[in-house]
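Structure first, then comments.
The values are calculated or read from the model by the stated rules, or taken from the named source; none is laboratory data. Predicted, not measured: the structure shown is a model, and the values here were computed from it. Please note: Cβ atoms are built from the backbone with ideal geometry, for glycine as well, and neighbour counts cover all protein chains shown. Surface areas here come from the heavy atoms of the whole protein model, side chains and all, with no ligands, DNA or RNA. Shrake-Rupley method; radii C 1.70, N 1.55, O 1.52, S 1.80 Å.
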Amino acid sequence: MMDRQKIFTYVKQKYGTDPDYPWFDTSAVLRHKDTRKWYGLVMEVQREKLKLPEGSMTDVIDVLNVKCDPMLVNSLRMQDGFHPAYHMNKERWITIRLDGSVPEATIRNLIDLSYELTAAKKVPIK
């Protein structure tokens, strides 16, 4: 299961990203080092906000928001573990539950896609 700590380890090793805590709570922003643009947001969300039944252990779960291709967003939202982006643009971002419902490889691929989609645009040299 990919939890918040595994995500932090992955992005640190791959992109050199340390989580940023702008609200001084458990919400962690993942940013590009050069542009400071977000490519991910790890936060706690109440299950009811995602229209989930009450959990047996807790009413709060960790989620990851990532930017995604709009065509992919629609197909992902039909799968278990994915939701319309919580507090983000719902056409271009998606929320992933970090409760084991989404395979670790899928989460890593979506983090990588989000990183690419939010990277600084390279201007061609003429």
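Collect the residues in the stretch 41-93 that are part of a loop (DSSP other than H, G, I, E, B), closer than 19 Å to residue 111 by Cα and in contact with a strand residue (DSSP E or B) (Cβ under 7 Å, 6 or more places away or on another chain), keeping them in residue-number order. Those that are part of a loop (DSSP other than H, G, I, E, B), closer than 19 Å to residue 111 by Cα and in contact with a strand residue (DSSP E or B) (Cβ under 7 Å, 6 or more places away or on another chain): 68, 77, 81, 85, 86, 88, 90, 92. Which members of the stretch 63-100 meet the condition of being in contact with an Asp or Glu (Cβ under 6 Å, 6 or more places away or on another chain) and either open to solvent by less than 20 Å² (accessible area, probe 1.4 Å) or modelled with pLDDT of 95 or more (or both)? Residue satisfying the conditions is 98 alone. Inside the stretch 101-126, can you point out the residues that are farther than 23 Å from residue 48 by Cα, free of Cβ contacts under 8 Å to residues at least 40 places away in the same chain and among the hydroxyl-bearing types (Ser, Thr, Tyr)? Hit for the stretch 101-126 is 106, nothing else.
Listed here are the residues, each with its yes/no results for (1) open to solvent by 40 Å² or more (accessible area, probe 1.4 Å); (2) among the hydroxyl-bearing types (Ser, Thr, Tyr).
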| position | (1), (2) |
| --- | --- |
| 26 | yes, yes |
| 41 | no, no |
| 61 | no, no |
| 105 | yes, no |
| 114 | no, yes |
| 120 | yes, no |
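Taking first residues from the stretch 63-83 that are among the basic types (Lys, Arg) and partners that are surrounded by 19 or more Cβ atoms within 10 Å (Cβ to Cβ) and not in a strand (DSSP E or B), the Cβ contacts under 6 Å between residues at least 6 apart in sequence or on separate chains come to 67/114.
Only one of the numbered conditions (1) open to solvent by less than 80 Å² (accessible area, probe 1.4 Å); (2) more than 15 Å from residue 96 (Cβ to Cβ) is violated by residue 21, and that is (1).
For (1) touching a Gly at 6+ places or on another chain (Cβ under 8 Å); (2) of a type in the set (Lys, Arg); (3) in contact (Cβ under 8 Å) with a residue 12 or more places away in the chain; (4) more than 18 Å from residue 2 (Cβ to Cβ), each residue gets a yes or a no:
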{"site": "26", "(1), (2), (3), (4)": "no, no, yes, no"}
{"site": "35", "(1), (2), (3), (4)": "no, no, yes, yes"}
{"site": "38", "(1), (2), (3), (4)": "no, no, yes, yes"}
{"site": "41", "(1), (2), (3), (4)": "no, no, yes, no"}
{"site": "59", "(1), (2), (3), (4)": "no, no, yes, yes"}
{"site": "95", "(1), (2), (3), (4)": "no, no, yes, no"}
{"site": "99", "(1), (2), (3), (4)": "yes, no, yes, no"}
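Using the structure shown, decide if residue 34 is in a loop (DSSP other than H, G, I, E, B), at pLDDT 95 or above and closer than 18 Å to residue 116 by Cα. Step through it out loud before you land on a result.
Details: in a loop (DSSP other than H, G, I, E, B): yes; at pLDDT 95 or above: no; closer than 18 Å to residue 116 by Cα: yes.
For residue 34, the condition - in a loop (DSSP other than H, G, I, E, B), at pLDDT 95 or above and closer than 18 Å to residue 116 by Cα - is not met.
Among the residues here, residue 14 qualifies as surrounded by fewer than 17 Cβ atoms within 10 Å (Cβ to Cβ), touching a residue at least 12 places away in the same chain (Cβ under 8 Å) and part of a helix (DSSP H, G or I). Going by the structure shown, is residue 33 open to solvent by 80 Å² or more (accessible area, probe 1.4 Å) and in contact with a helix residue (DSSP H, G or I) (Cβ under 9 Å, 6 or more places away or on another chain)? Considered against the rule, which asks whether it is open to solvent by 80 Å² or more (accessible area, probe 1.4 Å) and in contact with a helix residue (DSSP H, G or I) (Cβ under 9 Å, 6 or more places away or on another chain), residue 33 comes out as yes.
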